[in-house]
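To start, the structure itself, in structure tokens.
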Amino acid sequence: MSVLTEPSADTKPAHDFRATAVDLAAQLQTASRTAAGLAVVIARSEQAVEVLKKHMTPAQRIHAQLEIDALQAQDATTLGQYAAAAVGGSAAAWDVLAERRRQVEIEGWTPGHDDRYGSGEMAIAGGCYALYSDTHLPGQPPVGWPWDRRWWKPQKWRSDLVRAAALIIAEIERIDRARQRREK
């Protein structure tokens, strides 16, 4: 990994977020095979984010934090997915993950909150955004909308698809947590 230094006030950073993410992903496969190697990758990721965050948009900051979170989880499947997204540049995947994170951190829709919905409401809401956001005005939800009408807030088509996918992820996470509780 290249050494990152704090940029001077009159210059741009030597590396942008994508270059750093690609560099981290390239090192990830070999470095993360041991606990010590993984710790180095995590430390370098955190350092890179600190140096670059002055030059990142809020969405890029969330994306970078998602990568660090995946590293810290030490989950090989998740690590591979995040690394592939960083290298492949799937803005859609990153946007969905960032939206899910926003739902938790900004809106407060935590796992504990989501676990109160056991009848598929989050998946239904996601489906409504995916299917009807361009035909139903804010406050006028489609038939089947699982919550109070004030929570129906369609925006632009792509944003609503991102929101729909994040809601579906929330439902999948809820299902997984419920299954884990049953198996204990």
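The values are calculated or read from the model by the stated rules, or taken from the named source; none is laboratory data. Just so we're clear, the structure is a prediction, and the values are computed from it rather than from any experiment. Every residue, glycine among them, receives a Cβ derived from its backbone with ideal geometry; neighbour counts consider all protein chains shown.
Observations on the model:
- Residue in the range 155-172 that is among the β-branched types (Val, Ile, Thr), loosely packed, with under 14 Cβ neighbours inside 10 Å and farther than 22 Å from Arg100 by Cβ present: no
- Any pair with Cβ under 6 angstrom, 6 or more apart, that starts in the range 134-150 at a residue that is at negative phi and ends at one that is of a type in the set (Asp, Glu): Pro146/Glu121
- Residue among Pro154, Pro146 that alone is outside any helix (DSSP H, G or I) and more than 22 Å from the chain's Cα centre (by Cα): Pro146
- Flag if Ala64 is crowded, with 20+ Cβ neighbours inside 10 Å and at pLDDT 65 or above: yes
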